[in-house]
Each structure stands twice: as C-alpha cells, then as structure tokens.
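Just below is one structure, and these are the notes that go with it.
The values are calculated or read from the model by the stated rules, or taken from the named source; none is laboratory data. All of these numbers come straight from a predicted model, not from anything done at the bench. Neighbour counts are summed over all protein chains in view; Cβ atoms, including those assigned to glycine, are modelled from backbone coordinates with ideal geometry. The area values use the complete protein model at the heavy-atom level, side chains included, leaving out ligands, DNA and RNA. Shrake-Rupley method; radii C 1.70, N 1.55, O 1.52, S 1.80 Å.
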Amino acid sequence: MHGRPRKAPKPEEEAASVAKAQKLHALQTQFFSFHHNKIYTKEAVELSAKLLEINPESYTAWNYRKLAVEHYLSQPDCNPDWIKSFLDDELRVVENALRQNFKSYGAWHHRKWVISKGHSSIDNELRLLDKFQKADSRNFHAWNYRRFVAESMKRSEQDELKYTEDMIYKNFSNYSAWHNRSVLLSALFEKKAEGFLSKEKVLPEEYEFIHQAIFTDPDDQSGWFYHLWLLDQTVTTDSPLLASSWPGHGYDVFLVEDRCYNGSAFSPFTALHSDSGSFPIVLYFNQPVGGVSSSTVTVECGFNKNEDLLWKPLSASNSQTARVWVAHLKIPSSDLLSTVEVSVGHSKGIISTRGFEYSHPSMFSFKVHVQPMERDFSQVSVAESISLREENFKIYGSQSEESIINSFNQLSIKNGHESTASNWRSEALAKEIECFRELLSLMDCKIGKLTLARLLMAYDVMSYPFANKLVHSEEVLELCSDLMKLDPTHYQYYKDEHSMVLLQKVTSSKESLLQHCFQYKDSVSSAICGPICLRLNNLSLSRMGAFEKLLWVQMLDLSHNELQSIEGLEAMQLLSCLSLRNNKLRSLTALEPLRKLKLLRVLDISYNQIGDHSIDTTRYLCSSPLSHSVGSESNKDETVTSDVALIDNWEAFYIFKDFNLNQLEIVGNTIADEKFKSVLVKIMPKLKQLDGKLLG
C-alpha cells in the first residue's frame, strides 16, 4: 500500500496472527449472541469494548454500544453525575480503540455521538487531538473531528486559521491543514467577518503564503492543490452573471413557420425555421443557478403572456439548477412584427448553487418577424437529404461578413460592473503568471506547467471581452501539448484541456469564428432554414465547450474529431443539423444531451464506436438496470412493454423516443445491424431516411 512492498510474515508473526483471529472469532460469536438478544449487562458491554480494542472497524459493535448507552440513560434512577461518569467511560473506550487505529471511521463517529449528548466536558478534546495530530499531522479524521470540536466550543475561525498556519509551518506537506484552511476561509468570506469582507486583500496574502510551500518543494502536491483552490476563488465571482442569450440584444429574428427560406430576404444567422409552433429563448449564466421562473424573468411581448412561460433547466443530471435555462414563445399564425423585452433578475429568487443571489439585473430586447414565405417546390426534390460532407460546402462570402459580426457582437450580455470588479483579479493573476514563469525558468515541473496554463487561460478569460483576442491561447496550447508528452498517464485530461482552449480561441473573435463558417450548397432545403454551417471538423477535439458563444448555430459539423462526450451540447437549442461522424462515442447514452434539442432534424453519428465496448454491448442486450426510471418517465408505454425488440433495446428507446428526426446516419457502428435499425424505425415513426435509404 502507498508504494510499500509487502513482506512475507515470519513464522512467529503468522502464529500470532492466527491466535488473534481465533480470539476475535470467539469474541464476535459471543458478542453477536448478546446483540441479537438485546442483552446490555455490564459483562456484555465490557465484551464489546474488548472486541473494539482488537477491531475498531466493527461498525456493528459501535452501534451496539449506542443502543446500550440509550438503554442505560433511559433508566429512571440515573442522575447527572452518574450519566457524566458513564459517558466518560464510553469516551475512554473510544480512545483505546483509536490508539489501535487512529483512522477508524467508526471510532471517530462514535466519539462525536457521545460528545453530542452534552454531558461530557469538551475541553479535553483539543488536548486529545493534539496527541493524535502529533502522531499523524495529516490525519483527516482528526481534522474533521477538530472542526466539530471547534464549532462546539464556539472557537473562532480566526483562531483555527492561526492553528492551521502553525501546522503548515511545521510541515508544508500537510494536505489536511491546507484543506482546513480553505474551509475556514470560505466560512469567513461567507460571513463577511471583520478583515474578510473582501477577497481583494486576503487572497494576495494567501498567494504569498503558498509560494513558500511550492518553492520550498515543488514536487509536493499539497501546496499545488491549495493554489488551485485560490485560483478558483480568484476567478469565480460570488454573484452569478448572465453571460449570453439567444436571441441576442438587438437581434432581428425571422421566423419561418413550416415554409422554406430562400436565402435572400434576411440574414441566415437570425432566421429560424420552426415547425413546432414556438421558438426558444435561451439564458446562459456563468455558473449553475436555480430559481429561474416567470417571477424572476419577465418577458414582455404582444403575442405571449409572461406568466404562461415555463422556464426549464438544461442539465444532464435533471436537477433544478443549471447554467442554461430555456423557455419557448408560441408563434402566432398570422404575419407579425413585434419587439420582445426580457428582464432578468429584477425580482429576487435566482440563486447560484453556492447560495449567492443574482444581484446584477440584466435586460435585452429583440424583434420578431413572422413572415410566411412561399416555397419554390420546383427546386426541391421529393426526397430531400442533408449531407454535411466536404463537397457540399463553400466558404461563406466576405460580402456577408457583416451579418456574422453583428450576430457575434450582439450575443454577449454586457455587464457594466465587470471591468472594475475584475481589476484586482487580473492584477493577482498577472503576478502569479510572473511568479510561475520564474519557477519554470529554474526547473522543468509538470504541475508548474499545468498551473501556468490555468493562470494564462484564466487571465485571458478575465480580460475578455475587453481584449480583442485570447492573447495567451497559443502558449496555453503549447503547454498542453508538452504535458501530453511529459505525463502520458494523464494524457486524456490534458487533451480535454487542449480542446477547451482551442474552442475558446476559435470563438474568441468574430474574425477567427468566420474562418469556420461555410455555406451549405442547397439553400432551398426544407430541413434547414439558415444554410450556414459552423464547421469544427478535423480539429482533434476530445471535448466540447465555449457554448455561450455558439447559441446561434443551427448547423454544426463536428465530424472527424475525437469526442467521447458531447456534454453541454444541450445549450445549443437552435441545432437542426448535427454531424458527429467519425468520433469516439462509445454508447448511446453519450447522445443523451441531444434529447433536449427539440429542433434537431438531421443527425449523423456514423463511424463511431457505439457497441464496441463489451460492457456497453451487454447493456444493449440485457434488460435495463434503470428500467424503473425509464418506465416511470415513459409512463409505462404500452408499445414498449408489449414489444420484445424494444424491451431488449431499452437504452435506444430511452435515448431516441423524444427525437423528431427526419434523417439519421448510424452506419459504421458495431451496434448498427439490420435488427437494430428496425428497432430505430419503430421508435421514431417520423424518420424518413436511415443511412441514406428512404423509408416507406
């Protein structure tokens, strides 16, 4: 364990171990007899103490002693002095057990339970903790118990903070002390205690403190973990902010209801084809929030009532908190030109998962044009097919550059307070960048490179949108590439970070984004409205991000990447065409974010690895271990319960049942045999084309 090789026991050690096991077995046999018969005599309780002294990890024995304590405390003739003496004896039993194993969960929990009875003196607890922390200063059980004792004694966080400082100076490699320091500072920041009203003064001092540990021993990880916590405290604002929205402020949204857009009347970046009778309003926050409703978000327009709007969180975990929230405005059947005003947070109720109120109200407005346009059927084949292949695209003309620039500029929400609030944060990050450049000039350090990459990216994001581009993105990408070579064990983590930085770079400016915008050759297809495709193919992406800048996208090409997950894609509510061709998706459950994309009509997941992995393949063939949740969600659909093929492919049913696809490509996956395709047709009766073949 922990890198220490096992040694074969000596004969005398093996004999002692056998004798101990026999004694333990005899004690356990007698103990279980007492326990099952609810015998709490003095003899029985003492026997449990002997058992715990040999094996402090016997949870059943600790629970038995709790029952015994409750039994004696319920006796009518016990007085306060007797109770105190009785519980003090119980604490001595715990102490004896801890001497055998001072990392015993059961023993520490039992001691906390006894102290919580309120009859024992707590003054001795800190002295006891000092003994155990001298034996092992990093024992997180003891530190956890110390937090309980300090709270019970009403000992101030400032005093405990000083204690952690003393322990750290004794040993810089004290993970638990650094962790306790982060817990204490978080509590002081939340209480806005004197001297801790603002992070602006405290965090720079903490950075100086942690530098002593990191520069003393750069190979020790404990200080680096604390530095990562400090970085998070620096870049994360307490109050949540609205980062972007769709439609953006000042947008002119053209809605084409069950008609075809001919590409000449309006910008393809703000034209939306909807056959569902509604269109989405998307709010993208900088951190997960809850409480978004018609009470906290007001939508004023001439064709919908605010109270009728239902705001839903877009979260993979189906929780009531999310970064992305969506509501759908119903489209009137007649021609319309109307202004929509959206006010966010003017009434209290939007709260982050960390408990902070949304305190910076925002407002944006846009115009909605509902203008039915006649479709030229002579230009459209009976069986329309959308193919996001190379030969079907041409570079989006420079004459149309203004439309994407305007769309890009209008997407972000301008928060006026950001500039002044970020000044001290940017200065702190700049000092850290200088510090770690110096460290790396002295030595080659993996975790130093990773920290510098994090600092550079955080600095750029903090400065953006005040800077025209992410000035350090190339350096960060190079650092990630170096780390992939230096530390192959964590290759995938660095690869994911590389992908995120690359996407931030691509979406950081209108000029870089325009290089990835292409025009689809067939501008009269009824399956799409705005024939502009964002092509992020062949970028070696392993993870998606920068969604706040991509809310406008209706056609997206992610083919020929290395994606194993598409988590977060649910934010792109306008997606109608999506290519995930030639990636590394390994299961159908990887497609779950797509269930929330109600406008998706064309999907290409061909040539992935769906069905390759033995575990995933087994899951396709066997009954669902989550069938109770799937059944409740589908309300025990009779079609499923009566169709053996669908029961055997419960995962496919769960993923695809809410899709409204016209076209699906699934060829090139292990699972995509004829039997499975027939199941897909049953699940999606509106599907018109499967793997290039028309369906009857």
* Look through the range 446-490, keep the residues that are surrounded by fewer than 19 Cβ atoms within 10 Å (Cβ to Cβ), at pLDDT 90 or above and of a type in the set (A, V, I, L, M, F, W, C), and return whichever of them is farthest from Thr216 (Cα to Cα). => Leu477
* To do: Please find, within the range 38-59, the residue that is least open to solvent (accessible area, probe 1.4 Å) out of those that are of a type outside the set (Lys, Arg) and over 14 Å from Leu24 (Cα atoms).
  => Ala44
* Within the range 309-340, considering residues that are among the small types (Gly, Ala, Ser) and in contact with a Leu (Cβ under 9 Å, 6 or more places away or on another chain), the one nearest to Phe254 (Cα to Cα) -> Ala327
* Any residue at all in the range 575-590 that is under 24 Å from the mean Cα position of the chain (by Cα), small (Gly, Ala, Ser), on the phi < 0 side of the Ramachandran plot and at pLDDT below 95? -> yes
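Yes/no matrix, rows are residues, columns are (1) assigned to a loop (DSSP other than H, G, I, E, B); (2) touching a Phe, Trp or Tyr at 6+ places or on another chain (Cβ under 7 Å); (3) open to solvent by 30 Å² or more (accessible area, probe 1.4 Å); (4) modelled with pLDDT of 95 or more:
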| position | (1), (2), (3), (4) |
| --- | --- |
| Asp496 | no, no, yes, yes |
| Ser499 | no, no, no, yes |
| Lys505 | no, no, yes, no |
| Ser523 | yes, no, yes, no |
| Cys533 | no, yes, no, no |
* To do: Within the range 92-134, work out how many residues are part of a helix (DSSP H, G or I) and open to solvent by 70 Å² or more (accessible area, probe 1.4 Å).
  => 11
* To do: Would you check which residues across the range 264-285 are at pLDDT 70 or above, assigned to a strand (DSSP E or B) and open to solvent by 10 Å² or more (accessible area, probe 1.4 Å) and list them?
  => Ser278, Tyr284
* To do: Taking the options Gly349, Gly345, Gly355, name whichever one is buried (at least 20 other Cβ atoms within 10 Å of the Cβ), small (Gly, Ala, Ser) and on the phi > 0 side of the Ramachandran plot.
  => Gly345
* Structure fact -> Over the range 286-320, the set of residues closer than 30 Å to Cys577 by Cβ, under 15 Å from the mean Cα position of the chain (by Cα) and assigned to a loop (DSSP other than H, G, I, E, B) is Leu314, Ser315, Ala316, Ser317, Asn318, Ser319
* Of the residues in the range 358-370, how many are under 15 Å from Gly291 (Cα atoms) and crowded, with 20+ Cβ neighbours inside 10 Å? -> 1
* Structure fact -> Ser403 fails exactly one of (1) modelled with pLDDT of 90 or more; (2) among the polar types (S, T, N, Q); (3) out of contact with any helix residue (DSSP H, G or I) (no Cβ under 8 Å at 6 or more places or on another chain), namely (1)
* Structure fact -> With the first residue restricted to the range 562-584 and required to be within 17 Å of Ile666 (Cα to Cα), and the second required to be assigned to a loop (DSSP other than H, G, I, E, B) and among the acidic types (Asp, Glu), Cβ contacts under 6 Å at 6 or more apart or on different chains are Lys584/Glu562
* To do: Would you mind stating whether Thr164 is β-branched (Val, Ile, Thr) and open to solvent by 50 Å² or more (accessible area, probe 1.4 Å)?
  => no
* Asked: From the residues in the range 286-333 that are among the basic types (Lys, Arg) and at pLDDT below 90, which one is surrounded by the most Cβ atoms within 10 Å (Cβ to Cβ)?
  -> Lys330
* So which of Ala150, Ala213, Ala187 ends up being open to solvent by 20 Å² or more (accessible area, probe 1.4 Å) and of a type in the set (Gly, Ala, Ser)? -> Ala187
* **Cβ-Cβ under 6 Å pairs, at least 6 apart or on other chains, the range 287-299 side more than 20 Å from Arg354 (Cβ to Cβ) and touching a residue at least 24 places away in the same chain (Cβ under 8 Å), far side small (Gly, Ala, Ser) and part of a strand (DSSP E or B)** => Thr298/Ser343
* **Residue list for the range 78-98, filter: more than 50 Å from the chain's Cα centre (by Cα) and of a type in the set (Lys, Arg)** => none
* Does the range 13-31 contain any residue that is touching a Pro at 6+ places or on another chain (Cβ under 8 Å), modelled with pLDDT under 95, over 16 Å from Trp113 (Cα atoms) and open to solvent by less than 80 Å² (accessible area, probe 1.4 Å)? -> yes
* To do: Could you tell me which residue of the range 650-675 is surrounded by the fewest Cβ atoms within 10 Å (Cβ to Cβ), considering only residues that are free of Cβ contacts under 8 Å to residues at least 40 places away in the same chain and more than 16 Å from Arg595 (Cβ to Cβ)?
  => Glu674
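Results for (1) open to solvent by less than 10 Å² (accessible area, probe 1.4 Å); (2) in contact with a helix residue (DSSP H, G or I) (Cβ under 7 Å, 6 or more places away or on another chain); (3) not in a loop (DSSP other than H, G, I, E, B), shown as yes or no for each residue.
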position: Glu205; (1), (2), (3): no, no, yes
position: Phe209; (1), (2), (3): no, no, yes
position: Gly223; (1), (2), (3): yes, yes, yes
position: Trp229; (1), (2), (3): no, yes, yes
position: Asp238; (1), (2), (3): no, no, no
position: Ser244; (1), (2), (3): yes, yes, yes
position: Gly248; (1), (2), (3): yes, yes, no
* **Complete set of residues in the range 190-203 that are more than 27 Å from Leu439 (Cα to Cα) and crowded, with 16+ Cβ neighbours inside 10 Å** => Phe196
* Asked: Just one of the numbered conditions (1) modelled with pLDDT of 95 or more; (2) among the polar types (S, T, N, Q); (3) open to solvent by 50 Å² or more (accessible area, probe 1.4 Å) is not true of Ser182; which one?
  -> (3)
* **Whichever residue in the range 334-354 is at pLDDT below 90 and charged (D, E, K, R) and, among such residues, is farthest from the chain's Cα centre (by Cα)** => Asp335
* Asked: If the Cβ limit is 6 Å and pairs must be 6+ apart or interchain, which residue in the range 65-84 that is within 19 Å of His109 (Cβ to Cβ) pairs with which residue that is outside any loop (DSSP other than H, G, I, E, B)?
  -> Arg65/Ser48; Ala68/Val45
